[in-house]
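Only one structure is covered here, and it is reproduced in the block below.
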Amino acid sequence: MASDTVSYSASQRILHWLVVLLVFFNLLLPDGMEEWKEAVEHSGAATAEQLASANLHAYAGIAILVLTLCRLVLRLTMKSPALPTQEPPFFRLAARSPMSCFIC
């Protein structure tokens, strides 16, 4: 789906970076979910703070899913920039693969 566009649209770039930030948030701050799980396993209940922290982690994960689906829809409906001619053949093949829509 190469075209004469020079770069991805602003909405595609914004969604990309929002997903990146949310993924890093969940990777770097998983403590809330872990503390909630341990509290429930040991005492059968969690504090309000543990529950709120676990919910924040879960909501970030749900947001990642929704934003990724939006990215996929945009990627399939909007034009994408042409592939660079100097790319190695393997990279060009990977960019044309069906899974590239999920990665890009």
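The values are calculated or read from the model by the stated rules, or taken from the named source; none is laboratory data. Keep in mind that this is a model prediction, so the values were computed, not measured. So basically every Cβ, Gly included, is an ideal-geometry build from the backbone, and we count neighbours across all protein chains shown.
The number of residues in segment 26-76 that are outside any helix (DSSP H, G or I) and within 24 Å of the chain's Cα centre (by Cα) comes to 2. Within segment 87-104, no residue that is among the β-branched types (Val, Ile, Thr) and surrounded by 11 or more Cβ atoms within 10 Å (Cβ to Cβ) sits with its Cβ atom under 7 Å from a residue that is modelled with pLDDT under 80 and in a loop (DSSP other than H, G, I, E, B) at 6+ positions apart or across chains. Might you let me know whether segment 27-44 holds any residue that is of a type in the set (S, T, N, Q) and surrounded by 11 or more Cβ atoms within 10 Å (Cβ to Cβ)? No; the residues of segment 27-44 include none that is of a type in the set (S, T, N, Q) and surrounded by 11 or more Cβ atoms within 10 Å (Cβ to Cβ). Could you identify the single residue in GLY61, GLY32 that is in contact with a helix residue (DSSP H, G or I) (Cβ under 8 Å, 6 or more places away or on another chain), touching a residue at least 12 places away in the same chain (Cβ under 8 Å) and closer than 30 Å to ALA94 by Cα? None of the others qualify; the one that does is GLY61. Among the residues of segment 68-80, is any surrounded by 10 or more Cβ atoms within 10 Å (Cβ to Cβ), hydroxyl-bearing (Ser, Thr, Tyr) and touching a strand residue (DSSP E or B) at 6+ places or on another chain (Cβ under 8 Å)? Yes, segment 68-80 contains at least one residue that is surrounded by 10 or more Cβ atoms within 10 Å (Cβ to Cβ), hydroxyl-bearing (Ser, Thr, Tyr) and touching a strand residue (DSSP E or B) at 6+ places or on another chain (Cβ under 8 Å). Of the residues making up segment 6-25, those that are surrounded by 14 or more Cβ atoms within 10 Å (Cβ to Cβ), in a helix (DSSP H, G or I) and not aliphatic (A, V, I, L, M) are GLN12, HIS16, PHE25.
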